[in-house]
Amino acid sequence: MLYAYKQLKEVQEKSDETTKPWKMCEICDTEYGEAATRVPRVLACGHTICHTCATKLANSEYLRCPFDRKCTDLTKCTLESLPKNFTVLHM
């Protein structure tokens, strides 16, 4: 069922010739995806950015959200352990 939905969604987007804005990282304007670098990561504040942008913004202790400036603590976790935003991936 999920596969059929994904195919239908791709056909609809091809007819529109545009990628929906909620499927793109707001920083780099690249579409989210299953590839490790394109995975949408949820920050502690609730905002979502792609893994590549998260890597660029992070230091060894925290990642400061570019939208609300709140910090995600990275002393007890890694960027890879931040939750994936599955809702965005399956829209």
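The values are calculated or read from the model by the stated rules, or taken from the named source; none is laboratory data. Everything quoted here is computed from the prediction, not taken from an experiment. Methodologically, a virtual Cβ is constructed for each residue, glycine included, from the backbone with ideal geometry; neighbour enumeration extends over all protein chains shown. Surface areas here come from the heavy atoms of the whole protein model, side chains and all, with no ligands, DNA or RNA. Shrake-Rupley method; radii C 1.70, N 1.55, O 1.52, S 1.80 Å.
Some observations on this one:
- Amide H partners (placed H, <5 Å) of Met24, local residues excluded: Tyr32
- Each of Lys70, Lys23 has its accessible area taken with a 1.4 Å probe; listed largest first, they run Lys70, Lys23.
- As a rough guide to protection, the peptides 41-54, 78-91 ranked by mean Cβ packing within 10 Å, highest first, stand as 41-54, 78-91.
- Extending 7 Å from Cα along the Cβ direction at Glu80 and again at Ile27 yields two label points whose distance is 1.9 nm.
- Its residue count N fixes a reference of 2.2 N^0.38 Å for segment 20-90, and the Cα radius of gyration divided by that reference is 1.00.
- Length released on extending from Arg64 to Cys45, taking residue separation times 0.36 nm less the Cα-Cα span: 5.9 nm
- Karplus-derived 3J(HN,Hα), 6.51/-1.76/1.60, for each residue of segment 61-73, Hz, glycine and proline x: 10, 7, 10, 8, 4, x, 9, 10, 6, 7, 9, 9, 6
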